[in-house]
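S.K.: The structure follows.
The values are calculated or read from the model by the stated rules, or taken from the named source; none is laboratory data. The model shown is predicted, which means the values in this text are computed figures rather than measured ones. Every residue, glycine among them, receives a Cβ derived from its backbone with ideal geometry; neighbour counts consider all protein chains shown. What goes into the accessible areas is simple: the full protein's heavy atoms, side chains included, and nothing from ligands, DNA or RNA. Shrake-Rupley method; radii C 1.70, N 1.55, O 1.52, S 1.80 Å.
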Amino acid sequence: MKSVVLCYNLKGTPKGRKLGMIFGFLGFQVRAVDRAEYLWPLEVLTGLEKPREEPEIYEGEGFPEEMLVIQAETEDMLDKAIFLMRKEKVQVGLKAVVTEANRKWTSLALHDEIRKEHEIMSRREAERKR
């Protein structure tokens, strides 16, 4: 298994270049996901599986938020990537790791799920600060 980071809505931005340097330095393949690929399974986008059939082309609006999806070869590589992102003060609100449970999901399904989780966590944090 190779290490890959999928980047959404970061192509050509200063943050995207910084993330490319961080993940590239660690040996990750950095892949900007095109909106037309949003219906492809994560396992295909990360190279874990070959597509069984021609993936459907997405023609919708997509989503505006930045998102990272990380497929790390080892837990150590993941830890180093997160450490360097913190050290370099590069924040992406929506982040996920490819797992057995989500590897067949589309980018759209994953985005919706982690956005819900992010909103719940943000609400809890705000309530705790009151």
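S.K.: If I22 passes every condition in (1) buried (at least 18 other Cβ atoms within 10 Å of the Cβ); (2) within 14 Å of the chain's Cα centre (by Cα) but one, which one does it miss?
M.R.: (2)
S.K.: When you scan the range 101-116, do you find a residue that is assigned to a strand (DSSP E or B) and either at pLDDT 95 or above or over 20 Å from R35 (Cβ atoms) (or both), even just one?
M.R.: yes
S.K.: Are any residues in the range 28-78 farther than 16 Å from W105 by Cβ, outside any loop (DSSP other than H, G, I, E, B) and among the hydrophobic types (A, V, I, L, M, F, W, C), and if so, which ones?
M.R.: V30, A32, A36, M77, L78
S.K.: Would you pick out the residues in the range 6-19 that are part of a helix (DSSP H, G or I) and either polar (S, T, N, Q) or open to solvent by 40 Å² or more (accessible area, probe 1.4 Å) (or both)?
M.R.: Listed by number, the residues that qualify are P14, K15, R17, K18.
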